[in-house]
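The values are calculated or read from the model by the stated rules, or taken from the named source; none is laboratory data. Being a predicted model, the structure only gives us computed values, none of them experimental. Methodologically, a virtual Cβ is constructed for each residue, glycine included, from the backbone with ideal geometry; neighbour enumeration extends over all protein chains shown.
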């Protein structure tokens, strides 16, 4: 061990940071080297002097109190937690109540619309109630709605796609007059109810089965579409997608 | 709610029990690092607030080094606020670059000379006059009683650097001490 190494290592020695092997090396060097031996002794002396003197400061009581106040006390936390609990609890129950109310109301209205649509569909199947304007020509059916409803329903001929346009009529759903476009698939009738919707975003179609009828609903271009039929779900879905495709194509031209 | 409340209260209580016994250690280091009472009090308070906020991140083990590391960061922010950060770095680099000079200075003092006992206040003053990096290492070792490993963690330097800084700090302190005994 050189003196340069020993000069630094002797501090680790007096700090008791050396393993037995290194400690012995430093001690051996210091024993055989007058200068390093003297240094070791002098730093042990310094260390002892430092240990003997009170070098610590005592935190003023005011600082201790101030920190004590800043860290939430058990009692304060209790009160706050209790308040937070109450506030959160009432918020939660209010939100829960609101959502329950919303669901109840929506289901109410939904159910009414669905049952009214089915009633209208059933009524339409009775003799002479299916159409007010009987035409397979969309250019005849579409203008017929002008002045009869406050919206311009998309009237689209889907004969090529397997759904024959047979006409249109006015009906009443949810207390409002609605445009109905009537299609035929083989011997089955599809009534497409078109009402004014909210917003113009496309909402994904929803399929429901009510009283044995399939009902497909979607929203596009600010219009609510509701198709009712006794055809199977797959075919009604096909109708919906064909209708939307053709409607997009019609808008594009 | 009950769980959350219990957790909050538990946290505050655990923090008090674990951290408050080391307030004197924190305050002491703050006094040596910042060199004045008011700043040291502010730093200690800020240290405890930060420590409480981040108590979840404390991974167990001795809490004293963790608290002192937080305090050191608070003090460095205070250095920066004072605009003294560059001075600290310059001070340190200058001291480390002039190591030969400092060492020969330390070595020039007679090794056999026994140190006269100084009163605590004089010793504190001498330590306070050491350059920052050396003062910090010496206080963490001699006053806060941290191991080399803990000092390395607190100050973010290798253990070897801790050792050489301590050697330097003691050399400087001893020289200043002997000069103090001889009087101006």
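Would you check which residues across region A:17-65 are modelled with pLDDT under 90, farther than 30 Å from residue B:122 by Cα and in a helix (DSSP H, G or I) and list them?
Within region A:17-65, A:20, A:21, A:22, A:23 meet the criteria.
Against the definition (surrounded by fewer than 19 Cβ atoms within 10 Å (Cβ to Cβ) and under 29 Å from the mean Cα position of the chain (by Cα)), how does residue A:206 come out, yes or no?
Here the answer is yes, as residue A:206 does meet what is asked.
Is it fair to say residue B:160 is at pLDDT below 90, within 12 Å of chain A (Cβ to nearest Cβ) and either under 17 Å from the mean Cα position of the chain (by Cα) or in a helix (DSSP H, G or I) (or both)?
yes
Can you tell me which of (1) under 41 Å from the mean Cα position of the chain (by Cα); (2) surrounded by fewer than 20 Cβ atoms within 10 Å (Cβ to Cβ) is the one residue A:187 doesn't meet?
The single condition residue A:187 does not satisfy is (1).
Out of region B:115-144, which residues are at the interface with another protein chain (Cβ under 10 Å from one of its Cβ atoms), outside any helix (DSSP H, G or I) and either farther than 18 Å from residue A:56 by Cβ or over 10 Å from the mean Cα position of the chain (by Cα) (or both)?
Across region B:115-144, the qualifying residues are B:115, B:116, B:117, B:118, B:119.
Can you tell me how many residues in region A:18-34 are within 11 Å of chain B (Cβ to nearest Cβ) and surrounded by 13 or more Cβ atoms within 10 Å (Cβ to Cβ)?
Residues flagged as within 11 Å of chain B (Cβ to nearest Cβ) and surrounded by 13 or more Cβ atoms within 10 Å (Cβ to Cβ) within region A:18-34 amount to 1.
Out of all the residues in region B:24-41, which are assigned to a helix (DSSP H, G or I), in contact (Cβ under 8 Å) with a residue 24 or more places away in the chain and surrounded by fewer than 20 Cβ atoms within 10 Å (Cβ to Cβ)?
Correct list: B:39 only.
Scan region A:39-59 residue by residue and report those that are more than 7 Å from chain B (Cβ to nearest Cβ) and within 16 Å of residue B:30 (Cα to Cα).
Result: no residue meets the conditions.
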